[in-house]
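The values are calculated or read from the model by the stated rules, or taken from the named source; none is laboratory data. Note that the structure is predicted; figures quoted are calculated from it, not measured. Here the Cβ positions follow ideal geometry from the backbone for every residue, glycine too, while neighbour counts run over all protein chains shown.
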């Protein structure tokens, strides 16, 4: 299944107002585990790719500079309201295509890709861009569902025909990410219900 930015925007325009209900509590374990795994020092910078409605933003330390980008303006409207409500002054939000950002190479100490790898039209380009904007010796954290793990491998073929409407591809193998990124894997752990998601930490 292939997709494009217009398809992604349409899907997440529908999700924007109810995303927290659908994917808030159900994927929260993964977000909390990522926050525990993140070792950021005061003054460092972090880019969250596919920030969506900003559910992960409250978990970041307030003494680092956080930039969140997303291609969906509707999702970002909800994120901006969250940032204002919680007083997250260290967070900046921008509408941007994560596959071709306008950031200089080596701009961020940490790059976080939560639940976005199977959403983007070109996962390989997404990873290439994440590597480019991450500083040498920096960290990339990927939180995503990958196919072929336990109970969920039975569900994936059922969801595949509806991937475009759902806004994500349910059947991307982990081997594809590992081949594309080619950075050292620091850790890899299952998170969320029945191991739905993998949380993988890469270092340059």
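Values computed for the structure shown
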| item | result |
| --- | --- |
| Segment 70-99 residues that are free of Cβ contacts under 8 Å to residues at least 12 places away in the same chain, paired with ones that are surrounded by 19 or more Cβ atoms within 10 Å (Cβ to Cβ) and part of a loop (DSSP other than H, G, I, E, B) (beta carbon under 9 Å, 6 or more apart) | 81/53; 81/54 |
| Within segment 121-145, considering residues that are within 13 Å of the chain's Cα centre (by Cα) and not in a strand (DSSP E or B), the one surrounded by the most Cβ atoms within 10 Å (Cβ to Cβ) | 130 |
| Residue 14 vs. criteria more than 18 Å from residue 108 (Cα to Cα), modelled with pLDDT under 95 and more than 16 Å from the chain's Cα centre (by Cα) | yes |
| Qualifying position, being touching a residue at least 24 places away in the same chain (Cβ under 8 Å), touching a strand residue (DSSP E or B) at 6+ places or on another chain (Cβ under 9 Å) and within 26 Å of residue 197 (Cα to Cα), among 147, 107, 45 | 45 |
| Subset of segment 167-203 (residues that are exposed (fewer than 14 other Cβ atoms within 10 Å of the Cβ), on the phi < 0 side of the Ramachandran plot and at pLDDT below 85) | 173, 193 |
